[in-house]
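*Asks:* After the structure tokens below, expect a handful of questions from me.
The values are calculated or read from the model by the stated rules, or taken from the named source; none is laboratory data. From a predicted model like this one, the values you see are computed outputs, not experimental measurements. No Cβ is skipped: glycine too gets one built from the backbone with ideal geometry, and neighbour counts run over all protein chains shown.
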Amino acid sequence: MTAQKGKDLLIKIADGAGYTTVAGLRTRRLSFNAETVDITHAESANRWRELLDGAGVKRASISGRGLFKDAATDALMRQTFFDGAVKNYQIVIPDFGTVQGKFQITNLEFAGEHNGEVTYDVALESAGEQTFAAA
């Protein structure tokens, strides 16, 4: 994979008619994590930690920062947060693939400087299985 433009990493939210790109995001981050299950015991080779294969809980986190640009997606994200709703999202990683699954917005922050624009930060946590489709 060659170098890609950061603006091409997209976060899309289900809007009832398909998926719409969350507008105005300037930065985005997707991370995957897996908990480990330690099964180390008295006979472990030289007391090295052993882990149980495939047993930990997996999760995905999304975060982004941006500015208000599109009233429709701004309203959809805001209402999704206040409803505590779990919705389907797609994360498009250019020339790599698309991650799709259910997420819940866990943090929504607004900020503004006296002589600048109003910005927002959003964080989402996975709420079910995630799928990956290669580009």
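*Asks:* Which members of segment 24-42 meet the condition of being within 25 Å of Val118 (Cβ to Cβ) and over 15 Å from the mean Cα position of the chain (by Cα)?
*Replies:* Selection gives Gly24 alone.
*Asks:* Any residue that is modelled with pLDDT under 95, touching a helix residue (DSSP H, G or I) at 6+ places or on another chain (Cβ under 6 Å) and hydrophobic (A, V, I, L, M, F, W, C) - is there at least one of those in segment 84-98?
*Replies:* Checked against the condition, which is being modelled with pLDDT under 95, touching a helix residue (DSSP H, G or I) at 6+ places or on another chain (Cβ under 6 Å) and hydrophobic (A, V, I, L, M, F, W, C), segment 84-98 yields no hits at all.
*Asks:* Quick one: how many residues across segment 27-81 are without any contact (Cβ under 8 Å) to a residue 24 or more places away in the chain and in contact with a Phe, Trp or Tyr (Cβ under 8 Å, 6 or more places away or on another chain)?
*Replies:* 1
*Asks:* Within segment 30-50, can you find the residues that are closer than 30 Å to Leu10 by Cα and touching a Gly at 6+ places or on another chain (Cβ under 7 Å)?
*Replies:* If the condition is that a residue be closer than 30 Å to Leu10 by Cα and touching a Gly at 6+ places or on another chain (Cβ under 7 Å), then Ala34, Glu35, Thr36 are the ones that fit.
*Asks:* Considering only segment 52-84, state which residues are in a strand (DSSP E or B) and of a type in the set (S, T, N, Q).
*Replies:* Passing the criteria: Ser61, Ser63.
*Asks:* Still on this structure: Restricting attention to segment 66-73, does a residue exist that is out of contact with any Ser or Thr (no Cβ under 8 Å at 6 or more places or on another chain), of a type outside the set (Lys, Arg) and surrounded by 15 or more Cβ atoms within 10 Å (Cβ to Cβ)?
*Replies:* Checked segment 66-73: no residue is out of contact with any Ser or Thr (no Cβ under 8 Å at 6 or more places or on another chain), of a type outside the set (Lys, Arg) and surrounded by 15 or more Cβ atoms within 10 Å (Cβ to Cβ).
*Asks:* Shifting gears a bit: So, in segment 50-65, of the ones that are surrounded by 10 or more Cβ atoms within 10 Å (Cβ to Cβ) and among the charged types (D, E, K, R), which residue ends up nearest to Ala23 (Cα to Cα)?
*Replies:* The qualifying residue nearest to Ala23 (Cα to Cα) is Arg65.
*Asks:* Out of all the residues in segment 82-103, which are touching a residue at least 40 places away in the same chain (Cβ under 8 Å) and of a type outside the set (S, T, N, Q)?
*Replies:* Val86, Lys87, Tyr89, Ile91, Val92, Ile93, Pro94, Asp95, Phe96, Val99, Gly101, Phe103, listed by residue number.
*Asks:* Of all residues in segment 94-133, how many are among the hydrophobic types (A, V, I, L, M, F, W, C) and over 17 Å from Asn33 (Cβ atoms)?
*Replies:* The total comes to 8.
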